[in-house]
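Engineer: Starting off with a structure, shown below.
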Amino acid sequence: MKDLSAWLQACPAIAILRGVKPDEVVDIGAALIETGIRIIEVPLNSPDPLASIKNLAKRYGDQALIGAGTVVDCTMVKRICQAGAQLVVSPHACGDVVQKAKVLDMIAIPGFFTPTEAFAMIQAGADGLKLFPAEAASPAVLKSLRAVLPSTMPVIPVGSINADNMDPWLEAGAAGFGLGGSLYKPGFTPQKVAKRARAVMRVIQPAQAAE
């Protein structure tokens with residue numbers, strides 16, 4: 001499935017596993033998928049990230065959207081694709097990364113912080129926009145952006161988002177969230193990740209979380 005909006009409708013959370021290791025990533029992925037989270041990102045500044053992406057894609061590629069984060073160089077995009085990733089996430093507004101991802105039929109979510117960057121990334125072919133760092137913005141900023149951005153373009157706040165502060169962002173028009181330390185930090189067990197994921201799900205999908 002290459003439609004980002006469909007993935008976000010299924011579950012509007014992207015798990016960012018910064019620091020995860022290849023030998024633990026499958027069990028962490030299982031904990032996330034069991035709770036309903038279906039988009040999993042391994043940042044490239046993690047230990048051996050391509051191996052982790054490969055492990056996730058091999059085990060869960062038919063159940064989840066597996067991607068790479070912190071992609072700052074378009075020369076890495078092909079290697080990410082070869083590892084099995086279908087998603088490329090960047091912290092910045094880089095048209096080259098977006099365009100390379102689209103050539104390889106991947107989903108691209110570049111970072112942005114201003115309307116100028118947002119529209120430049122849309123023109124480059126972005127499937128969604130990562131509002132980063134969200135802690136330097138606000139739900140009010142997102143609401144203003146939503147008034148001018150295409151209604152079909154998902155905007156995903158990332159940065160210091162957790163189960164306690166999601167509601168105002170959702171009300172402002174967030175299509176989903178990138179969740180890092182609120183879900184996973186190096187050393188977290190799958191059980192701890194699952195507990196945190198369930199807390200997130202109670203906010204973003206209360207009906208499903210109650211099942």
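The values are calculated or read from the model by the stated rules, or taken from the named source; none is laboratory data. Because the structure is predicted, anything quoted here is derived from the model rather than measured. Please note: Cβ atoms are built from the backbone with ideal geometry, for glycine as well, and neighbour counts cover all protein chains shown. These accessible areas exclude ligands, DNA and RNA; they are computed on the full protein's heavy atoms, side chains included. Shrake-Rupley method; radii C 1.70, N 1.55, O 1.52, S 1.80 Å.
Engineer: Which peptide among 176-186, 33-43, 94-104 comes first, and what is the full order, when sorted by highest mean count of other Cβ atoms within 10 Å?
Structural biologist: 33-43, 176-186, 94-104
Engineer: How large is the accessible surface of V148 in square angstrom, using a 1.4 angstrom probe and rounding to the nearest 10?
Structural biologist: Here the accessible area works out near 90 Å².
Engineer: Using θ = phi - 60° and the Karplus curve 6.51 cos²θ - 1.76 cosθ + 1.60, what whole-Hz ³J(HN,Hα) does each residue of segment 74-80 get, with Gly and Pro shown as x?
Structural biologist: Along segment 74-80, the couplings run 5, 5, 7, 4, 4, 5, 4 Hz.
Engineer: Would you please state the base-10 log of I(q)/I(0) at q = 0.16, 0.17, 0.19, 0.20 1/Å for segment 59-121, with intensities from the Debye formula using one equal scatterer on every alpha carbon?
Structural biologist: Debye curve over Cα of segment 59-121, log10 I(q)/I(0) at q = 0.16, 0.17, 0.19, 0.20 Å⁻¹: -0.47, -0.52, -0.63, -0.69.
Engineer: Sum up the charges of everything whose Cβ sits under 15 Å from the Cβ of A140, counting Lys and Arg as +1 and Asp and Glu as -1, but leave A140 out.
Structural biologist: Net local charge, A140 excluded: -1.
Engineer: Related question: What's the Kirkwood radius of segment 137-180 in Å, using all Cα pairs?
Structural biologist: 10.5 Å
Engineer: Any idea what the alpha-carbon Rg over 2.2 N^0.38 Å comes to for segment 97-211?
Structural biologist: Its radius of gyration relative to the 2.2 N^0.38 Å reference: 1.14.
Engineer: Determine the alpha carbon to alpha carbon distance for each of K2/K100; K2/K192; K100/K130 and list only those over 20 Å.
Structural biologist: K2/K192
Engineer: Accessible area of the chain with a 1.4 Å probe: how many percent of it is carbon plus sulfur?
Structural biologist: Using a 1.4 Å probe with all protein chains present, the chain comes out at 52 percent carbon and sulfur.
Engineer: Continuing with the same structure: Tell me the per residue accessible area of segment 61-211 using a 1.4 Å probe; a whole number in Å² is fine.
Structural biologist: Per-residue value: 45 Å².
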